[in-house]
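Below: one structure, written as structure tokens.
Since every read-out is calculated from the coordinates, none of them should be taken as a lab result. As the structure is a computational prediction, the values presented were derived from the model and not from experiment. Virtual Cβ from ideal backbone geometry, glycine too; neighbours counted across all protein chains shown.
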Amino acid sequence: MTKKARPGDLVPVFAALCLFLAAFEYLIPKPLPFLRLGLANLPLLLALPLLAPADFFLLAGIKTAGQALLSGTLLSYVTLFSLGGTAASSAVMFLLYRLFGRGPRPLLGFPGLGIAGALASNGAQLALARGLVFGPQARLLAPPFLAAGLVTGCALGLFCDAFSRRSGWIRDLGEKNALSPPLGGVGGGSETNPDPSLPSPKGRRDAFSPPLTLFCAGLGLAAVFLVTPSLESRIMQFLLFWGTAVREGKRTRPLVMLGTALAVILCNLAAPYGELLFRAGPLAVTRGALEAGVRKALNLEGLMMLSRVCVSRGLRFPGRAGAVLAASLALLERLSGQALSAGRAALKKKGLFAGLDAALFSLWNG
């Protein structure tokens with residue numbers, strides 16, 4: 001007889017789905033690297049009725065950490081933006097769900113929760129962008145950014161509502177003899193891990209493992225880089241980070257990097273101060289605004305390059321969070337392979353909802 005699924009066992013499954021959707025969103029061109037459409041919020045919405053508060057917020061944290069590891073941005077501003085957006089959206093959705101989303105006739109459904117989460121995420125990211133990168137000119141990004149969040153949040157909420165009504169996987173989770181969880185040692189506190197292909201549930205790693213040592217070195221270099229007062233020295237450090245990333249075969253996307261840097265500099269030039277250098281039509285280029293823009297662009301791109309060099313997918317963290325993150329990354333490999341194949345087969349025969357349901361069944365059964 002199969003065991004009833006413990007709520008904590010669902011965290012790596014939903015986290016793997018978050019990371020899969022985040023990887024898909026990463027392929028969509030965006031004007032700035034930290035702007036998010038919010039596709040990875042879909043598993044958070046689905047998890048609201050199924051997870052305890054601690055597990056739900058653990059899922060939100062694993063989503064942020066996993067995205068940073070997979071994209072190589074853990075030491076950069078991008079992770080700070082992602083953390084701020086995820087923290088705001090998950091807190092708002094959780095609070096609204098607890099107040100208005102439960103019961104046989106909830107006052108707020110998934111579409112409303114999706115919109116609230118998207119607007120909270122975008123608002124938090126705009127606030128961080130204003131303080132760290134763009135300054136007061138970040139208000140120019142607010143209308144299209146919030147409008148995009150409104151559309152995607154509503155679309156995700158409608159999809160989540162329809163899928164949760166039709167999903168056999170979600171229905172089975174609430175039945176007495178639910179599917180046997182593949183990660184019993186990770187979520188429920190058991191000391192055993194029946195699947196040898198997944199990491200140890202305690203997430204034990206050598207304290208001086210190469211990925212962790214490299215990550216710690218990256219933290220030190222990031223601190224030195226950010227406190228360097230000389231603009232020329234900071235440029236030299238950025239070029240060193242960039243050259244090392246290229247030598248290590250990391251993807252640097254120079255055109256995207258150049259476009260982002262120009263956007264940051266232009267936004268800062270829109271608020272001129274200091275010595276006037278020259279005029280370009282209506283734009284007054286001043287020394288203070290130009291140096292501030294270049295410094296902020298260097299901070300953004302320099303930390304990105306440093307993350308490319310010092311963050312590897314082999315990095316693991318201790319404790320339950322580290323074990324769940326490791327299990328989520330292992331399940332992501334399954335979702336990208338066997339589970340995705342099962343989903344595609346069902347998608348061709350029965351449609352989108354059946355395809356996602358088949359992928360989740362395959363992922364859960366291992």
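Note that segment 210-310 shows a convex hull volume over its alpha carbon atoms of 98 Å³ per residue.
With 16 Å as the cut-off, how large is the P(r) tail for segment 95-143, expressed as percent of Cα-Cα pairs? In whole percent, the long-distance tail amounts to 50. Segment 63-118 and segment 243-305 have their alpha-carbon centroids 30 Å apart.
How high is the FRET efficiency between residue 165 and residue 251 when r is their beta carbon distance and R₀ equals 41 Å, given to the nearest 0.05? Once the sixth-power term is evaluated, E becomes 0.55. Applied to segment 74-82, the Karplus parametrisation 6.51 cos²θ - 1.76 cosθ + 1.60 on θ = phi - 60° returns per-residue 3J(HN,Hα) values of 4, 9, 10, 4, 4, 5, 5, 4, 5 Hz, with x for Gly and Pro. Label-to-label distance for residue 52 and residue 214 is 3.7 nm, based on points extended 7 Å past Cα in the beta-carbon direction. Across segment 297-310, coupling constants 3J(HN,Hα) worked out from phi with the 6.51/-1.76/1.60 Karplus curve, θ = phi - 60°, read 5, 5, 4, 4, 6, x, 5, 4, 5, 5, 5, 4, 7, 9 Hz, and Gly and Pro carry x. Derived scalar couplings between HN and Hα for segment 317-332 equal 10, x, x, 4, 4, x, 5, 5, 4, 4, 5, 5, 5, 5, 5, 4 Hz in order, rounded to whole Hz, by the Karplus curve 6.51 cos²θ - 1.76 cosθ + 1.60 (θ = phi - 60°), x for Gly and Pro. Amide H contacts of residue 286: 273, 277, each under 5 Å away and 5 or more positions distant or on a separate chain (H built 1.01 Å from N in the peptide plane; Pro and chain starts excluded). Note on residue 147 and residue 100: the extension gain reaches 14.5 nm, defined as 0.36 nm multiplied by sequence separation minus the Cα-Cα distance.
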